[in-house]
Amino acid sequence: MSKYPGKLGELYQTYSRLVSQWPADKLRPTHCYKNALNRHMKSNFDRVSVMRGESVNAELATFEREIDSLTNLLKNRYKSQSTLSSDMTDPVSNKGYYTKLLSSIDNAVKANRPTSLRVD
């Protein structure tokens, strides 16, 4: 049961479910985007719950667009639609650079070592 009535409650449940599925950022464990989404969600839904009139419909449409965007990001829709060519991921000037970079980041995360990309 949602704490918001009607359509707002349905959107809140959907939004909340999507936020709960958001993956943890292994590279920046202290900067959790899931927490930022949660704060954004709660403040906006609280704000809209006290609104009246036509402005509520505009806000509900905004929530629906945000839900669509979060769904697309969670399903990696954009990544599957826009694949990078091997010319981009494996440039002639530095063969294997990106593969080695990703591997070194993964290894640092697994070993819990700070990297230059990490923001702890």
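See the values below:
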quantity: Residue in the range 51-73 that is within 30 Å of Ala111 (Cα to Cα), of a type outside the set (Asp, Glu) and touching a residue at least 60 places away in the same chain (Cβ under 8 Å) present; calculated: no
quantity: Residue list for the range 88-114, filter: part of a helix (DSSP H, G or I), exposed (fewer than 10 other Cβ atoms within 10 Å of the Cβ) and at pLDDT below 80; calculated: Met88, Lys110
quantity: Hey, Lys7 open to solvent by less than 100 Å² (accessible area, probe 1.4 Å) and charged (D, E, K, R) or not; calculated: yes
quantity: Trp22, sole failed condition from (1) under 11 Å from the mean Cα position of the chain (by Cα); (2) hydrophobic (A, V, I, L, M, F, W, C); (3) surrounded by fewer than 14 Cβ atoms within 10 Å (Cβ to Cβ); calculated: (3)
quantity: Test: Pro29 is under 30 Å from Lys110 (Cα atoms) and in contact (Cβ under 8 Å) with a residue 60 or more places away in the chain; calculated: yes
quantity: Inter-residue pairs, beta-carbon under 9 Å, first farther than 19 Å from Leu27 by Cβ and in the range 86-102, second of a type in the set (S, T, N, Q) and in a helix (DSSP H, G or I), 6+ apart; calculated: Asp90/Thr99
quantity: The range 29-69, subset loosely packed, with under 11 Cβ neighbours inside 10 Å and in a loop (DSSP other than H, G, I, E, B), residue modelled with the lowest pLDDT; calculated: Thr30
quantity: Filter result for the condition that a residue is closer than 30 Å to Ala111 by Cα, open to solvent by 30 Å² or more (accessible area, probe 1.4 Å) and polar (S, T, N, Q), over Ser16, Ser80; calculated: Ser80
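The values are calculated or read from the model by the stated rules, or taken from the named source; none is laboratory data. Worth saying up front: this structure is predicted, and the values here are computed from it rather than measured. Because the Cβ atoms are built from the backbone with ideal geometry, glycine has one as well, and the counts that use them run over all protein chains shown. Ligands, DNA and RNA are excluded from the accessible area calculation, which covers all protein heavy atoms including side chains. Shrake-Rupley method; radii C 1.70, N 1.55, O 1.52, S 1.80 Å.
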